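A.B. asks: Quick one: this structure, given as structure tokens, is what I'll be asking you about.
The values are calculated or read from the model by the stated rules, or taken from the named source; none is laboratory data. All figures in this text were calculated on a predicted structure; none of them were measured in a lab. In this analysis, Cβ positions are derived from the backbone assuming ideal geometry, glycine residues included, and neighbour counts consider all displayed protein chains. Areas reflect the complete protein model, heavy atoms only, side chains present, ligands, DNA and RNA absent. Shrake-Rupley method; radii C 1.70, N 1.55, O 1.52, S 1.80 Å.
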Amino acid sequence: ASINTFAIWNPSTLTELVGDNPDIHKRLLGKFIVNAQTQVAEMIAAAHANDTITLGRVAHTLKSAARSVGALALGELCQQLETAGQAGDAPACAELAQGLAGQLAAASAQIHGHLGL
């Protein structure tokens, strides 16, 4: 499936997970963005180093986090990166990794807008 078929950010995902609690949402989303920035940087560095094992491992971690907060397009991209990383497909990893920063920025913008940050 194309990443574009997935929501950049679905605000109802967290509500379904933890209930409608703005304080909890704010904390979880803020933590997600901080962690995701680190993980995206790690994946981009791993892609440049052709380190498909690290890339696949970090992609797996971020995939779960992204999906749990509703960053569905980022989660899908991480799923594809995890698959390519596990297959040792460095060219695919490098190509997919080019989209990471943009996907995270798009999700962060929507989350920040939602939170009024």
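A.B. asks: Taking R0 as 30 Å, what FRET efficiency do you get between A45 and A7 from their Cβ-Cβ distance, rounded to the nearest 0.05?
C.D. replies: Between A45 and A7 the formula returns 0.60.
A.B. asks: For E16 and D89, what is the calculated FRET efficiency with R₀ set at 41 Å and r taken between the beta-carbons, to the nearest 0.05?
C.D. replies: Values: r = 34 Å, r/R0 = 0.82.
Calculated transfer efficiency: 0.75.
A.B. asks: Sticking with the crude label model, points 7 Å out along Cα→Cβ, report the distance from H60 to K26 in nm, one decimal please.
C.D. replies: It works out to 3.5 nm between the two label points.
A.B. asks: With an 8 Å Cα cut-off and a minimum separation of 6 or more residues, compute the relative contact order for the chain in percent.
C.D. replies: Worked out over the chain, it gives 34 percent.
A.B. asks: Also: If each of S68 and H114 carries a label point 7 Å out from its Cα toward its Cβ, how far apart are those two points in nm?
C.D. replies: Result: 1.5 nm between the two label points.
A.B. asks: Please turn the phi angles of segment 87-98 into ³J(HN,Hα) values with the Karplus equation 6.51 cos²θ - 1.76 cosθ + 1.60 (θ = phi - 60°), one per residue in order, whole Hz, x for glycine and proline.
C.D. replies: Per-residue couplings from phi come out as 7, x, 8, 4, x, 5, 4, 4, 5, 5, 4, 4 Hz.
A.B. asks: Additional query: Suppose every K and R has +1 on its Cβ and every D and E has -1 on its Cβ; what is the size of the dipole of the chain about the Cα centre, in Debye to the nearest 20?
C.D. replies: Details: 6 positive and 9 negative charges, 52 e Å.
Magnitude of the dipole: close to 260 debye.
A.B. asks: Now for a different question. Determine the calculated [θ] at 222 nm for the chain from helices alone, applying -39500 (n - 2.57) to every DSSP H run no shorter than 4 residues and normalising by the residue count; nearest 500 deg cm²/dmol. Walk me through the intermediate numbers first.
C.D. replies: Numbers: 6 runs with 91 residues, N = 117.
Result for the chain, helices only: -25500 deg cm²/dmol.
A.B. asks: Can I ask one more? How are the Cα pair distances of segment 74-117 distributed, in percent, across 5 Å bins from 0?
C.D. replies: Going from the shortest bin to the longest, the percentages are 5, 24, 23, 18, 11, 9, 7, 3, 0.
A.B. asks: Calculate, for the chain, the solvent-accessible area per residue in square angstrom, rolling a 1.4 angstrom probe over the heavy atoms of the protein chains.
C.D. replies: 51 Å²
A.B. asks: Follow-up question, since we're still on this one. Once you wrap a convex hull around the alpha carbon atoms of segment 1-87, what is its projected area averaged over all directions, in nm²? Provide the component values of the computation, followed by the final result.
C.D. replies: On the way: hull surface 22.1 nm².
Computed as one quarter of the Cα hull surface, the answer is 5.5 nm².
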